[in-house]
Amino acid sequence: MTNPPSTRTNAARSLGRRLMGRQEAGLVLVTAFVAAALTLLAGSHLDRRAGVMVNDFWNSHTLVQTATDASFFAIMAVGATVVIISGGIDLSVGSIYALSGVASAILLRSMGEMPAAATVLVALLVCAGVGLLCGIVNGALVVGLKVHPFIITLGTMWVLRGIAFVATRAESILLPPALTGFAKASLGLGGGLYPVPMLLMLGVTVAGALYLTRTVPGRHVFAFGGNLEASRFAGLPLGRIQIGVFAVSGLTAGLAAFLGAGFYGSVSSGDAQGYELYVIAAAVVGGASLIGGRGSAVGALLGALLIVLFRQSIRTLRFDQNYEWIVVGCAIIVAVVVDQWSTRAAARRMSRAAEAAPAA
């Protein structure tokens, strides 16, 4: 028995309202608008191999490159979003990235030549392990010393990068070709297209979304950031939750380091300098509230893509590259102001509803 047309129409409208009501819907619309504007303003050029005119932005090479540019800090933004949902912040993600890459390079160099699969596996395990360990140390310091995460991670940001600097003596270390072969695998696309970073970014985003929305620890993170006192009275393991969110952030920084090191073929203690700005910007633009209790992995991905599109617009429209920092800084300010405005508006609506309830 099939549903009547009116029932199907109502169900479609209900689904549409639910989708448009989601926090990420606005980001999707803004991202689509920026992409459309870039497509219209970018111009076109002659593709000599195909003999046809190609849009300077809306072509496979530029789109995949845009996703690749976003992937390295979008992966870290997923982990940073988990920390921000809990009400904390992690300024050390760039330094964890650098130390993870340096540690894997030094170990691979000491182990000598190995099969390609073993080389990739060792690099992945070392980067992920070092990132996870650094995150656990961050969380343990925050919990043990009872100092705000801003101060702790500001300190570890310098300590971890200093360790990487001392270990490498400020020199770059080349990585085995097997890592570059993995990160730049064409997967049958050819034509200089490298989809692996994009695919790993999507995989981490899906894993982060499932962790936050489908697991008990993920729900505990929202509870911790939304109402700390209620979480304490509910008997939640607060110290374990706080250590866990920093562990997730460190792990994603290590995974990003594995991907970035392989893609660029070398590591140094100066890698990922300034990534803290992009990571936090992606999380905040993606809807994570700096006071905690709100955010999503999908939002972090969309925030990263939106920031990269802003950067791409500067290059495509041939503006001065130095405007990039201005654009990213303005994006953070606007996102925080909008977040504060929406929070106050929601509080006013709840207050009015509470006042009207007795009268009803």
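Would you look at the GNM of the chain, springs on alpha carbons closer than 10 Å, and say which of GLY101, GLY303, GLY162 moves the most?
GLY162
Sorted by packing (mean other beta-carbon atoms within 10 Å per residue), highest first, where do 78-89, 116-127 land?
Sorting 78-89, 116-127 by mean packing, highest first, produces 78-89, 116-127.
How much accessible surface area, in Å² rounded to 10, belongs to the heavy atoms of GLU229 with a 1.4 Å probe?
Counting only protein heavy atoms, GLU229 exposes about 90 Å² to solvent.
How large is the Kirkwood hydrodynamic radius of segment 112-244, in angstrom, based on all distinct alpha carbon pairs?
Result for segment 112-244 stands at 18.3 Å.
I'm a student and want to see the number: the projected area of the Cα convex hull of the chain, averaged over all directions, in nm².
Projected area, direction-averaged: 25.3 nm².
Once fully extended, how much extra length lies between GLU324 and ALA353, figured as 0.36 nm per residue of separation less the alpha-carbon to alpha-carbon distance?
Roughly 6.1 nm would be gained on extension.
If you plug each phi of segment 92-106 into the Karplus form 6.51 cos²θ - 1.76 cosθ + 1.60 with θ = phi - 60°, what whole-Hz ³J(HN,Hα) values come out, in order, with x for Gly and Pro?
These are the phi-based 3J(HN,Hα) values: 9, 4, x, 5, 5, 4, 5, 5, 5, x, 5, 4, 5, 5, 5 Hz.
What distance in nm separates the two pseudo spin-label positions at MET111 and ASN227, each 7 Å out from Cα along the beta-carbon direction?
Placing both labels 7 Å beyond Cα along the Cβ direction yields 4.9 nm.
Largest first and in whole Å, give the semi-axes of segment 48-130's equivalent ellipsoid, each being the square root of 5 times a Cα gyration tensor eigenvalue.
32, 25, 9
The values are calculated or read from the model by the stated rules, or taken from the named source; none is laboratory data. For clarity, every value in this text was computed on a predicted model and none was experimentally measured. Every residue, glycine among them, receives a Cβ derived from its backbone with ideal geometry; neighbour counts consider all protein chains shown. Heads up: the accessible areas ignore ligands, DNA and RNA and are worked out on the full protein's heavy atoms, side chains in. Shrake-Rupley method; radii C 1.70, N 1.55, O 1.52, S 1.80 Å.
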